[in-house]
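What follows is a set of notes on a single structure, which appears directly below.
Laboratory data are not the source of any read-out in this text; all were calculated from the coordinates shown. Note that the structure is a prediction, hence the values are computed from the model and not measured. Heads up, the Cβs are rebuilt from the backbone with ideal geometry, glycines too, and the neighbour counts pull from every protein chain shown.
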Amino acid sequence: PVLVVDFGAQYAQLIARRVREARVYSEIVPHSMPVAEMLAKDPAAIILSGGPSSVYEPGAPVLDPSLFDNDVPVFGICYGFQAMAQALGGTVAHTGSREYGRTLLSAQGGTLLRELPDDLPVWMSHGDSVAVAPQGFAVTASTPGAPVAAFEDLTAKRAGVQFHPEVAHTEQGQEMLKRFLYDIAGLEPTWTSSNIIEEQVAAIREQVGDKQVICGLSGGVDSAVAAALVHKAIGDQLTCIFVDHGLLRAGEAEQVEKDYVAATGIRLKVVDAAESFLGHLAGVTDPEQKRKIIGREFIRTFEAAARELDAERHIEFLVQGTLYPDVVESGGGTGTANIKSHHNVGGLPDDLQFALIEPLRTLFKDEVRALGTELGLPDEMVQRHPFPGPGLAIRIIGAVDRERLDLLRAADLIAREELTAAGLDRDVWQFPVVLLADVRSVGVQGDGRTYGHPVVLRPVSSEDAMTADWSRLPYDVIAKISTRITNEVREVNRVVLDVTSKPPGTIEWE
Ligand code: XMP
């Protein structure tokens with residue numbers, strides 16, 4: 001792999017993703033990992049990420065210079081660039097001044113920046129800067145705040161930049177990263193969906209042997225792709241369980257039961273538990289209470305189905321759709337595997353313990369989507385927006401019942417249809433539609449006064465759901481949705497738009 005050494009800023013994951021977008025496999029390692037351990041991973045190259053603004057900052061992580069006692073290609077970015085300069089005998093000037101944000105780069109040839117336009121916009125965020133490059137390095141660019149903004153030593157296969165090539169504000173950043181990977185480090189772009197599938201299929205076969213496996217499907221992308229991958233590896237040794245809690249959106253249960261099965265040939269056990277879930281939810285209005293009930297009932301139902309299957313054919317493995325960001329964010333090392341599993345079907349009793357198969361553990365979401373497409377899954381499933389586990393229950397403000405669910409489903413379907421028709425699916429992170437079931441307002445529909453419910457449109461843009469902004473959807477799209485909902489959904493006589501960012505609002509209303 002290409003190792004991305006994380007110096008503690010937000011950028012390591014982004015760099016790792018960019019490397020993979022260049023079709024080279026990457027892994028994130030903490031800066032505290034001893035050099036010997038990094039080398040034991042047989043790295044194809046090492047990228048030193050950004051971190052504190054200065055190597056002189058108190059407590060700034062130190063780079064072990066023995067990293068450079070071997071011939072692994074190294075690329076230093078921002079803090080990594082300074083740390084690299086210092087470790088190799090260059091000087092970092094303790095200027096105390098800062099350069100932050102977009103600035104123009106003046107490039108002077110070299111391999112990394114060859115034939116790029118003059119005055120190239122790049123994204124900077126540093127205090128001190130490299131004053132003298134280490135011996136053997138050619139300085140290939142400068143900016144007003146950084147006399148040495150890029151350097152390279154082609155013989156040693158080492159290069160570095162003061163700015164952030166991984167962010168979109170650095171216009172040719174991806175091109176530079178590719179040049180380091182291909183032209184300086186000599187790597188090949190071989191990390192492709194079909195290679196990932198081939199590797200995973202072999203690994204799953206090896207892990208499972210002739211044993212039996214189960215997987216819970218949620219209707220979401222991750223479990224769908226994980227199961228399809230495992231099915232490709234071991235075929236009928238896999239059985240999937242789909243607990244239909246009756247809180248999905250229009251068409252979603254059918255998508256799992258029909259389209260997905262048709263596309264994959266997977267053996268599916270459907271548990272229609274809507275009645276029981278709605279029974280337990282009856283009259284409950286508190287959001288956390290709803291979540292608790294749904295979580296508890298989900299585990300109970302899944303467990304019962306798993307037990308039945310286990311009696312029929314002894315089950316040894318459980319598939320989980322854990323993704324790489326979950327692994328990295330929970331410490332990266334061993335023992336983190338279970339965190340997400342507790343989320344999904346955690347709490348399985350001791351006598352029903354399975355070993356985990358996590359075929360997406362090394363992948364980012366966009367890679368999972370690409371894999372899903374390669375595995376032949378329907379587009380609507382692969383490109384689906386994130387959807388909360390408790391489903392529509394937390395989008396009905398008030399108690400949940402069948403009638404209200406049907407109402408919300410109809411309104412939600414219209415919003416989704418119109419978003420898709422406008423070609424805006426990819427511009428929006430999520431588009432919750434919320435029913436204010438206990439609120440009524442006066443309206444006039446047809447030739448009579450009505451006293452109906454409002455529906456809230458909550459389209460948001462986001463990178464990771466931690467923060468979000470309300471999406472500026474075109475007014476005509478919103479108008480169309482509003483007209484259709486009030487025309488087609490009896491009982492709804494008002495459509496409102498949520499214009500709150502997160503924070504202070506959350507994405508969901510409950
Ligand atoms: P909030 O509303 O906290 O949501 O801004 C952040 C992201 O998490 C999703 N979400 C949930 N997902 N179970 C889930 O699996 C939940 O209880 C839950 N609550 C919120 C939400 O859809 C958004 O993507």
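Residue separation of Arg296 and Thr506 scaled by 0.36 nm, minus their Cα-Cα distance, works out to 73.2 nm of gained length.
Only one residue of Val455, Val442, Gly505 has its Cα farthest out toward the positive end of the dipole of region 441-510, where Lys and Arg carry +1 and Asp and Glu -1 on Cβ, and that residue is Val442. By the compact-protein rule of thumb, 2.2 N^0.38 Å, the alpha-carbon radius of gyration of the chain corresponds to a ratio of 1.12. Find the centroid of the Cα atoms in region 115-171 and in region 448-463, then give the distance between the two in whole Å. Each part reduced to its Cα centre gives a spacing of 49 Å. May I ask which residue of Thr192, Gly219, Val243 lies farthest towards the positive end of the charge dipole of region 192-299, with charges of +1 (Lys, Arg) and -1 (Asp, Glu) on Cβ and the Cα centre as origin? Of Thr192, Gly219, Val243, it is Val243. Evaluated at 10 °C with a viscosity of 1.306 mPa s, what Stokes-Einstein diffusion coefficient in µm²/s does region 54-165 have when Rh comes from the Kirkwood expression over alpha-carbon pairs? Rounded to a whole number, D works out at 114 µm²/s. Between Glu463 and Arg114, the contour length at 0.36 nm per residue exceeds the Cα-Cα span by 122.5 nm. Remark: spin-label model distance Glu403-Thr373 equals 4.4 nm, labels positioned 7 Å along the Cα→Cβ axis.
Taken about its Cα centre, region 2-184 carries a charge dipole of roughly 240 debye when the Cβ of each Lys and Arg holds +1 and the Cβ of each Asp and Glu holds -1.
Each peptide in 115-127, 214-226 receives the mean, over its residues, of other Cβ atoms within 10 Å, and ordering these scores from highest gives 214-226, 115-127. Relative to the longest principal Cα axis of the chain, at what angle does helix 365-374 sit, 0 to 90 degrees, rounded to 10? Its long axis makes an angle of about 70 degrees.
Its Cα centre serving as origin, region 193-382 has a Cβ charge dipole (Lys and Arg +1, Asp and Glu -1) of approximately 220 debye.
In the structure shown, the pairs Lys211/Lys232; Lys178/Lys365; Lys258/Lys292; Lys480/Lys502; Lys232/Lys365; Lys211/Lys292 are assessed against 23 Å; a Cα-Cα span above that value is assigned to Lys258/Lys292; Lys480/Lys502; Lys211/Lys292. Its Cα gyration tensor gives region 394-497 an equivalent ellipsoid. The semi-axes, each the square root of 5 times an eigenvalue, are 24, 16, 11 Å from largest down.
Which value results for Rg/Rh of region 193-382 when Rg is the Cα radius of gyration and Rh the Kirkwood radius based on the inverse mean 1/r?
On the way: Rg = 16.3 Å, Rh = 17.1 Å.
My calculation puts Rg/Rh at 0.95.
Overall, the chain carries a charge dipole of about 800 debye about its Cα centre when +1 sits on the Cβ of Lys and Arg and -1 on the Cβ of Asp and Glu, all other atoms neutral. Calculated on C-alpha atoms, the gyration radius of region 1-122 divided by its Kirkwood radius gives an Rg/Rh of 0.96. Rounded to 0.05, the FRET efficiency of the Ala479 and Thr285 pair, given R0 = 30 Å and the Cβ-Cβ distance, is 0.40. Projecting the Cα atoms of Ala16, Gly51, Ala107 onto the dipole axis of region 2-184, where Lys and Arg carry +1 and Asp and Glu carry -1 at the beta carbon, places Ala16 farthest toward the positive end.
Backbone amide hydrogens, once placed in the peptide plane, bring Leu356 within less than 5 Å of Leu318, excluding anything fewer than 5 places away on its chain. In this structure, the amide hydrogen of Val92, modeled 1.01 Å from its nitrogen in the peptide plane, lies closer than 5 angstrom to those of Ala131, counting only residues at least 5 positions away or on a different chain. Sequence-distant contacts, meaning Cα pairs under 8 Å at least 6 residues apart, place the relative contact order of region 89-243 at 17 percent.
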